[in-house]
Structure formats: C-alpha cells, structure tokens
1. I need a count of the residues in the stretch 442-469 that are touching a helix residue (DSSP H, G or I) at 6+ places or on another chain (Cβ under 7 Å), under 24 Å from PRO404 (Cα atoms), surrounded by fewer than 22 Cβ atoms within 10 Å (Cβ to Cβ) and at pLDDT 95 or above.
2. Looking only at the stretch 141-176, which residues are free of Cβ contacts under 8 Å to residues at least 24 places away in the same chain and part of a loop (DSSP other than H, G, I, E, B)?
3. Output the residues belonging to the stretch 225-235 that are loosely packed, with under 13 Cβ neighbours inside 10 Å and not hydrophobic (A, V, I, L, M, F, W, C).
4. So is ALA298 assigned to a helix (DSSP H, G or I) and either surrounded by fewer than 24 Cβ atoms within 10 Å (Cβ to Cβ) or not aliphatic (A, V, I, L, M) (or both) or not?
5. Can you say whether SER305 is assigned by TED's automatic domain parsing to the domain that holds MET410, surrounded by 24 or more Cβ atoms within 10 Å (Cβ to Cβ) and within 27 Å of GLU84 (Cβ to Cβ), as far as the supplied structure shows?
6. Looking at (1) under 30 Å from GLN242 (Cα atoms); (2) free of Cβ contacts under 8 Å to residues at least 60 places away in the same chain, which is the one condition that is false for MET437?
7. Would you check which residues across the stretch 225-255 are without any contact (Cβ under 8 Å) to a residue 24 or more places away in the chain and within 25 Å of the chain's Cα centre (by Cα) and list them?
8. Quick one: which residue in PRO34, PRO39, PRO75, PRO64 is part of a loop (DSSP other than H, G, I, E, B) and at pLDDT 70 or above?
Amino acid sequence: MSSSLVIPDVSDATIGSVLGQCMLIFLTTTESTPGLSPPGVARAWFLFGVMIWNACAIFMPAFPFVDYWSTTLDPDAGSLTTDEQYQRFMFLLYVIWNTMISTNLLKLPTLESTGIAIVTTPPNDFYATIQSSGVFRTYLQTRAQDGYAQANDPSYSYPNKGYYLKVYQNPVGQVPQDPNSIPDPNTWCPLEIHYADGTIARQTPVMPLFSAVNNWFSSEQLEEMNTIAANLYPPRSSTTFQTQKLDFVKTQSSLTDAQKVIAEVWAGTEPERASPPGKIMVVLAVVLMSNSTTLGLAECVALVSGVSFAVFHAAIVSWSLKYKYLQPRPIQVLRQDYASGYLIDPVANAVVPGIRWTPYQQYEKKKTGASVTPAFPDFVSGHSTFTMGAATFIQMLTGTDRIPINNHTMIDPVQVVHPIAHIFDPLTTPCTWVNLMVPPLSSKTAPKVPASSVAMEWTSWSQLAQQVGVSRIYGGIHWPQSNFTGLQVGEWVSLQVMGMIDFSSLGLDFSSLRVSS
C-alpha cells in the first residue's frame with residue numbers, strides 16, 4: 001500500500017472513502033511500530049478517534065468536545081454547507097496528521113514519510129487561528145500525561161516474577177523443564193523461548209498496570225464490571241475450569257482446516273499486520289469506503305470515533321482483569337497437568353509428551369515469543385473484549401447488525417485484507433467481500449493447510465465478534481471461559497460508552513446501512 005495519501009477535492013470523493021484511506025494508512029504506520037502492544041494500539045486509535053471527533057466539534061456544535069478538551073467554536077458553524085463542512089474537516093485532518101508527525105507522540109517512525117496534501121484549503125482566518133494556536137499540540141501533550149507512560153511499571157511484582165516457563169523450539173536432546181518448579185504454579189508465568197539457532201527470548205509482561213491510564217469510567221462503573229467478571233471467573237480448582245480444560249484439549253486435538261485458518265486470520269502476532277484492535281478498524285474502513293454506503297461527515301466521524309472510544313476502554317478493563325486474576329495460559333496448565341501424559345500437537349497432528357505441548361498459533365518472524373503465547377495472563381480475552389465492544393457499539397449506533405459492504409463491490413485484497421493477516425498474501429485479484437476466500441496451502445503455521453479454499457463469510461458484526469473470540473481457542477491461546485467473559489465485558493463497555501455521549505442529539509442518519517444489497 002502507498003505510504004502517501006492525497007486528499008481529493010470534495011467533488012471527487014466521499015468523506016467515507018477519504019477517511020477509510022486515512023484509517024488504513026494510520027493502521028500501517030501504527031502496526032509497524034516496534035513494541036506497540038494491543039492495548040498500545042487501542043490507545044493510538046483512541047487518539048485518532050478523539051482528534052477527528054473534536055475536529056468536527058470545532059464547527060459542528062452538536063458534537064460535544066470529549067476528553068476534557070475545549071476550544072472556541074467556529075462562529076459560522078451553523079451556516080456551513082455540506083461542502084464547506086467537508087473542506088474544513090479535511091483541513092483539520094491535515095493539521096492533526098502533521099501535528100502527530102511533529103510531536104512524534106506515538107513514536108511512529110514510518111509516519112514521518114507519510115504526507116497528506118490538501119487540494120482545497122479555503123482562505124479563512126479561522127484556519128490560521130486553529131493552526132497557530134497550538135490547540136492540537138496542547139491536546140496531544142495532555143494525552144501524553146494520561147498515565148500511559150507509567151503503565152508498564154518495572155517495579156510491578158507478581159508471584160512468578162523472575163521465573164519462566166521454558167519452551168524449546170528444537171526439543172531434541174533438551175531435558176524438559178518441570179512445569180511445577182515455578183513459585184506459584186497456579187498463577188501465570190511468562191515464557192522463555194529457546195530457538196533452534198541457540199538464541200533465547202524472555203517475555204516481558206505487557207502493560208501490567210494499564211488500568212492506571214486515565215479513562216472515562218467511574219469507580220462505580222468499574223466495580224460493576226468487576227462483578228460481572230467475578231461471577232464468570234473459573235478458579236483452577238473448580239469444576240467449570242476442569243470441564244473447559246477437557247473441552248479445550250478435545251478441540252486442539254481435532255482442529256479442522258477451517259478452524260486453523262480462523263486462528264491464523266485473527267492471531268494478531270504477525271509483524272507488520274494488524275493487531276487485534278487494528279483488525280476491526282480495517283473492516284470499519286472497508287465499510288466507509290464501500291460503494292453501498294452514502295454516509296455524511298457526522299455519521300463517519302461518529303462511527304469511527306465511537307468505535308475507537310469503545311476499543312480503548314475495552315483494552316483498559318480487559319488488562320485490569322488480566323492482572324487481577326493472573327490466570328495461567330493453556331500452555332502452562334497443560335504442561336503441568338499432562339506432565340506424565342501425552343497430547344496431540346495441533347500443528348504436526350502427532351502425539352507428543354504433554355510436557356512439550358505447544359498451541360497451534362506459532363507463526364513468527366521476530367523472536368519475541370509472542371506467537372507461542374502472548375506475554376500476559378489469560379482471563380479475559382482481549383480479542384473478545386475489543387471486538388464485541390466494537391460490534392455492540394456499531395449495532396447500537398447504526399441500528400443494524402449487518403456489515404454493510406455491497407455484495408457487488410470489488411475490493412483490492414492488497415489494500416484491504418493483506419493488512420489483516422499474512423495468510424491472505426496470495427490474494428492479489430480483486431474480489432467481493434462476500435466471496436473473500438483464503439487460498440489453499442496459504443498457512444504460515446502448518447504445511448498443506450488449508451487443503452482447499454476457505455470462505456470467511458463475514459456478514460454481521462456479532463458473527464464477526466464471535467469468530468474472533470473463538471479463534472483464540474482454536475489457536476490454543478485462551479480458555480473458553482476467557483472468551484465468553486470477554487464478550488460479555490466488551491458488550492458492557494459499549495453500553496457505558498453509549499451512555500456517556502448523547503448520540504441521538506447529533507442528527508445522525510444511518511438508514512443507508514440498514515438496506516440490504
């Protein structure tokens with residue numbers, strides 16, 4: 001995909017197509033930033049969403065400023081035509097983009113080479129005032145103080161700190177580690193990956209204190225969320241946990257090609273491909289760019305910004321739960337409980353000692369260990385929380401669960417689906433969204449998978465969220481209850497976000513999205 005974007009004249013493109021292209025470029029630069037974790041990506045999208053929302057609020061009084069940021073409204077806002085609104089928004093988008101480059105707040109090195117050119121910039125003192133007053137720069141600096149920089153506190157302690165579960169990529173001649181040798185076998189422990197070339201990668205916990213980041217939820221709301229999670233959390237000694245463990249082993253022992261494909265599509269550990277929060281934004285960008293949508297500026301901004309609000313807060317609550325419960329991942333539990341037994345290796349489809357079991361998700365180019373299992377605890381699933389949070393918000397805002405992408409509109413797989421996962425890389429010929437297929441033998445994890453093409457069939461937001469959630473079970477990364485609870489918490493997050501902004505007062509019209517095509 002091109003690293004530059006020219007904003008077309010209002011007569012040449014809809015706001016949806018332009019904003020969709022901006023989202024894909026923003027995703028490309030974000031996902032290529034080394035060390036940016038899923039919650040870090042969620043925060044980057046939150047910044048993007050807040051800034052385009054407040055750019056709208058400057059000249060559309062119905063939009064309230066969010067996140068305690070304020071400036072002077074455009075005195076002519078009430079008399080602007082649709083074309084004038086579009087032109088002003090494009091200018092403010094230009095200011096946002098270049099301010100992000102100059103402040104380097106998100107530390108996106110490739111963003112420096114990304115330029116947005118304005119075709120039509122109306123001469124008006126208003127623009128000069130906005131650009132020179134530094135309101136965007138001030139806003140970005142304020143967000144930099146939101147606690148994010150202190151979230152990854154190296155002094156944070158947990159029972160197994162300093163200990164690692166050893167995983168040998170080439171186990172021949174290696175003595176298996178006693179998985180119960182860690183101080184607290186019943187709580188999460190990071191991995192130490194021993195690669196075939198002799199190098200070793202030790203996982204560093206990802207954002208253990210992410211809940212310390214300033215957010216919109218009150219203590220009462222967070223208490224309500226914690227109650228939901230507490231009622232669904234299965235202690236390791238419980239019947240619920242033991243039952244889900246047996247179900248998990250059965251699933252991992254008999255994965256179909258379609259299930260393996262789903263696991264790879266949504267894995268989120270591949271370099272230069274979208275992380276979990278970014279994948280849902282790719283789909284949303286396609287919706288905006290689709291010929292079946294005729295959305296105005298207000299609708300596009302409310303949709304993109306609202307989803308970014310929901311995804312960011314989904315990251316905050318899911319990471320707070322992860323480090324509250326410190327639930328061990330499947331690789332740890334199965335190696336402990338089957339230390340003297342045997343399991344099916346889901347990649348090789350062969351029997352292996354339980355003490356050497358690894359999950360299906362193992363594709364990796366950079367040696368971080370993230371592909372074997374993520375560097376943070378299990379409960380709840382971030383994938384499930386992110387995606388159901390987005391899906392529920394979109395359903396409530398638009399009044400439809402249907403993913404409104406025209407059945408006859410051709411999409412460019414290089415631009416649209418390559419950013420989702422490497423398994424789509426063989427696709428180069430334009431296709432329709434409903435006929436999106438994963439080609440045979442395209443797996444990066446298992447040879448000869450899939451044996452034949454696999455259809456994705458993404459038609460509804462709820463179905464998409466359910467598929468993303470279950471993909472983590474297929475990948476061997478999450479327990480079923482972590483997926484189920486993540487879906488519930490994601491829905492709760494969106495209900496809270498919807499209640500914080502009066503979207504009904506914005507005069508939004510999403511009727512075009514509710515028409516089947």
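The values are calculated or read from the model by the stated rules, or taken from the named source; none is laboratory data. Small disclaimer: the values here were computed from a predicted structure and weren't measured. Cβ: placed from backbone, ideal geometry, glycine included. Neighbour counts: every protein chain shown.
1. 2
2. GLN145, PRO154, SER155, SER157, LYS161, GLY162, VAL172, GLY173, GLN174, VAL175
3. Selection gives THR227, ASN231, PRO235.
4. When the stated conditions are applied, ALA298 passes them.
5. The answer is yes for SER305.
6. Result: MET437 passes all but (1).
7. Listed by number, the residues that qualify are THR227, ALA230.
8. PRO64
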